[in-house]
Amino acid sequence: MQKRQIGRSELNVAPLCLGGNVFGWTIDEAASFRILDAFVAAGLDFIDTADVYSRWAPGNVGGESETILGKWFKASGKRDRVVLATKVGMDMGDGKVGLSKPYILRAVEDSLRRLQTDRIDLYQTHKDEDPKTPQEETLAAYDQLIKQGKVRVIGASNFTAARLAEALKISAEKGLARYECLQPHYNLVERGFEDELEPLCLKEQVGVIPYYSLASGFLTGKYRSEADLSQSAARSGNVKKYLNAKGLKVVKALDEVAAGLGVKPASVALAWLIARPSVTAPIASATSVEQLDDLVKAVSITLDAEAIRRLDEASA
């Protein structure tokens, strides 16, 4: 399996990233451990989470996903086999929010403690949503953490092209750590990333790890009518907007390509992202080992020009 570089950093990762948002939310600790073990056993090594996962779930306070990952690292001894990504900045309650230097320096310690590790391989700004803090201050905080060895590389999530370009300029001018990776919302039914962000990432050699790679499960093909939404109450609100002529056209194209390859639509949807020249590794979550198997198959699929043309045309 050919690994891919995260931006211009020394970090190399497999071309598929496991999303940790489900740990402690839609699956418990035992199920999370099974998926993590199977993911690493398949030869994959890139895992993404965030400090805020999954504060939104009833009874949760945030940090549940990182805590489960930390317990798995301790129980399995597999920390050194994983490229670990997490995020900071979203509201954790009690005033713990934002991208100021003092807050980032405190938040990273909380994440390291929950993750039971001494370093974070990819530390990301979760959302560009702190108007009170200049980007230079945020980047200076990350720069300090890198020099201390607590963080290896930094990334940005949910940035506009203008704000990412500004951050890269500040890093170059001030000699600060630069965002080596972008985490955008990008998949076959959400292609806005291609307009401005993709050209910028290619030009500046910024890695790309798209989230919602399967459009909250829509691109697995299990949602084909509103009646199907009852299968997953947690995801139904995000999926309903794709149940239209365009969305169903994409699913039909996925069905056709998947049938020709003898795989599931989810594998093809991820393979399409992996084939994009800008993409380092799409992020996808699994709630069972069976689901994970379909995700893992994407890594070994090579879509030919005709398959890519059909998918591009359906999703244009």
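The values are calculated or read from the model by the stated rules, or taken from the named source; none is laboratory data. This structure is a prediction, so every number in the text was calculated from the model and none was measured. Quick reminder, even Gly has a Cβ in these numbers, built from the backbone with ideal geometry, and neighbours come from all protein chains shown.
Yes or no: Glu180 acidic (Asp, Glu), touching a residue at least 60 places away in the same chain (Cβ under 8 Å) and under 23 Å from Lys87 (Cα atoms)?
The answer is yes for Glu180.
Give the range 281-297 a look and list any residue that's crowded, with 24+ Cβ neighbours inside 10 Å and in a helix (DSSP H, G or I), or say none.
Leu295
Looking at the range 101-112, can you tell me whether even one residue there is under 19 Å from the mean Cα position of the chain (by Cα), among the charged types (D, E, K, R) and at pLDDT 95 or above?
Checking the range 101-112: not a single residue is under 19 Å from the mean Cα position of the chain (by Cα), among the charged types (D, E, K, R) and at pLDDT 95 or above.
Just need a number here: residues in the range 9-24 that are of a type in the set (Phe, Trp, Tyr) and surrounded by fewer than 22 Cβ atoms within 10 Å (Cβ to Cβ).
Looking only at that region, the number is 0.
Can Ser213 be described as among the polar types (S, T, N, Q), modelled with pLDDT under 95 and surrounded by 15 or more Cβ atoms within 10 Å (Cβ to Cβ)?
No, not satisfied.
Report whether or not Val257 is touching a residue at least 12 places away in the same chain (Cβ under 8 Å) and surrounded by fewer than 24 Cβ atoms within 10 Å (Cβ to Cβ).
no
Give the residue, chosen from Val263, Val251, Val239, Val268, that is part of a loop (DSSP other than H, G, I, E, B), without any contact (Cβ under 8 Å) to a residue 60 or more places away in the chain and not hydroxyl-bearing (Ser, Thr, Tyr).
Val263
Just checking, does the range 81-95 include any residue being in contact with a Leu (Cβ under 6 Å, 6 or more places away or on another chain), modelled with pLDDT of 95 or more, under 23 Å from Glu129 (Cβ atoms) and not small (Gly, Ala, Ser)?
For the range 81-95, residues in contact with a Leu (Cβ under 6 Å, 6 or more places away or on another chain), modelled with pLDDT of 95 or more, under 23 Å from Glu129 (Cβ atoms) and not small (Gly, Ala, Ser): absent.
Of the numbered conditions (1) touching a residue at least 60 places away in the same chain (Cβ under 8 Å); (2) outside any helix (DSSP H, G or I); (3) within 25 Å of Val22 (Cβ to Cβ), Ser278 satisfies every one except a single condition; which is it?
If we test Ser278 against (1) touching a residue at least 60 places away in the same chain (Cβ under 8 Å); (2) outside any helix (DSSP H, G or I); (3) within 25 Å of Val22 (Cβ to Cβ), just (3) comes out false.
Please identify the pairs in which a residue from the range 151-176 that is among the acidic types (Asp, Glu) has its Cβ atom under 9 Å from the Cβ atom of a residue that is at pLDDT 95 or above, counting only partners at least 6 apart or on another chain.
Glu166/Gln135
Check Leu182, Leu200 and return the single one that is modelled with pLDDT of 95 or more, outside any strand (DSSP E or B) and at negative phi.
On inspection, the qualifying residue turns out to be Leu200.
What are the pairs, 6+ residues apart or on separate chains, where a residue within the range 208-235 that is under 17 Å from Leu292 (Cα atoms) has its Cβ under 8 Å from a residue that is at pLDDT below 80?
Qualifying pairs under 8 Å: Ser216/Arg235; Gly217/Ser232; Gly217/Arg235; Lys222/Asp228; Lys222/Gln231.
Can you tell me which residue is farthest from Glu137 (Cα to Cα) among those in the range 53-87 that are hydrophobic (A, V, I, L, M, F, W, C) and touching an Asp or Glu at 6+ places or on another chain (Cβ under 6 Å)?
Here the residue is Ile68.
Would you be able to say whether some residue in the range 219-242 is out of contact with any helix residue (DSSP H, G or I) (no Cβ under 6 Å at 6 or more places or on another chain), under 30 Å from Ala57 (Cα atoms), modelled with pLDDT of 95 or more and not basic (Lys, Arg)?
no
Could you please tell me which pairs satisfy a Cβ distance under 9 Å, a separation of 6+ or placement on different chains, a first residue in the range 282-311 that is within 15 Å of Ala41 (Cβ to Cβ), and a second residue that is in a helix (DSSP H, G or I) and of a type in the set (Asp, Glu)?
Note: pairs meeting the criteria are Ala286/Asp293; Ala286/Asp294; Val289/Asp37.
Are any residues in the range 38-64 over 16 Å from the mean Cα position of the chain (by Cα) and free of Cβ contacts under 8 Å to residues at least 40 places away in the same chain, and if so, which ones?
If the condition is that a residue be over 16 Å from the mean Cα position of the chain (by Cα) and free of Cβ contacts under 8 Å to residues at least 40 places away in the same chain, then Ala41, Arg55, Trp56, Ala57, Pro58, Gly59, Asn60, Val61, Gly62 are the ones that fit.
Name the one entry in Ala266, Ala316 that is among the aliphatic types (A, V, I, L, M) and in contact with an Asp or Glu (Cβ under 8 Å, 6 or more places away or on another chain).
Ala266
Return the total of residues in the range 16-44 being part of a helix (DSSP H, G or I) and among the polar types (S, T, N, Q).
Result for the range 16-44: 1.
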